[in-house]
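One structure is given below, encoded as structure tokens.
The values are calculated or read from the model by the stated rules, or taken from the named source; none is laboratory data. What you are looking at is a predicted structure, and each value in this text was computed from that prediction instead of being measured. Neighbour counts run over all protein chains shown; Cβ positions are idealised from the backbone, glycine included. Areas reflect the complete protein model, heavy atoms only, side chains present, ligands, DNA and RNA absent. Shrake-Rupley method; radii C 1.70, N 1.55, O 1.52, S 1.80 Å.
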Amino acid sequence: MGKSVKALSEAPPAPESVRRGSAGASGGRSGENANGGGSGESSDASHGVREGGETRRSTREFTQTRARETHAALLAAAAEVFAELGFDDAQTPDIAARAGVSVGTFYRYFSDKRQAFIELIEAYLSDSFDSVMSNLTPEVFGATRTPKDRRAAVNHVIDVLFANTAINPRLQRVFLALSLRDPEIEQIRIDFEARSRELLALLLEQVTTRERIPDPSAAAEVIQIASQEVAMATIRDGGTTRPSSHGQALRLALADMMYRYVFGEG
């Protein structure tokens, strides 16, 4: 899960060795077996095996460079295809063709397009979580910091959050829409949001007082919802007529609101 959607969607085309694998009808290549990602894949990685109607999620590990590159190329292609066509209209031949491999090669790595989507979204959410939460530490917001330092830290965290949101806004919309009708996709979103709220609530307990923030968990949820909604509103994507200055104004207003709410400083 080490690649973000940005890294995936901007990944270079599949290496020549991968493209050569699409020449045959079976898409076979030496060094890769037909059980999910090649002989270089860790034996404990799952391949979308369905248990009780659910696709089992797992971290994929590859020991062979070629297998790792093929997997990354397929996820990069999936990020583009899902963003362009949506989940329902995207098909495995579209993803395979975009990656420069055969459909047979796709099925060596994923059981279906749904598994590819799940791995793609989990990679994005994992990287997004790490990039945002690594900037939310007690040291950054502690009492020894000046108000100017704390305000700069709030601004920086919001910048990181908005940058992550802007990586592939169409894909994010596909994810959010699918989470409203697919229980497993919904659970991925719920787990991600819950984990983020828990750490944010813990941070609020460490850098504020109960007099200032009586209920850190509730405060964390309000901050999370406000941040997500404003971040999505600032995305300039497909036909939007709002100027970039409007997004910047929303960003600054959010930072000011959060700073005053948490620290009570003007």
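A straight chain from Asp130 to Asp112 at 0.36 nm per residue would run longer than the Cα-Cα distance by 3.7 nm. Near Phe62, the amide H atoms lying under 5 Å from its own belong to Ser42; only residues 5 or more places off or on other chains count, and H is placed 1.01 Å from N.
Counting only Cβ charges, +1 for Lys and Arg and -1 for Asp and Glu, the dipole size of the stretch 50-193 around its Cα centre is about 260 debye.
Extending 7 Å from Cα along the Cβ direction at Ile190 and again at Asp215 yields two label points whose distance is 2.0 nm. Quick one: if the Förster radius is 22 Å, what FRET efficiency do Ala233 and Ala163 give, using the C-beta to C-beta distance and rounding to 0.05? Result of the calculation: an efficiency of 0.90. Rolling a 1.4 Å probe over the protein heavy atoms leaves Met232 with an accessible area of roughly 40 Å².
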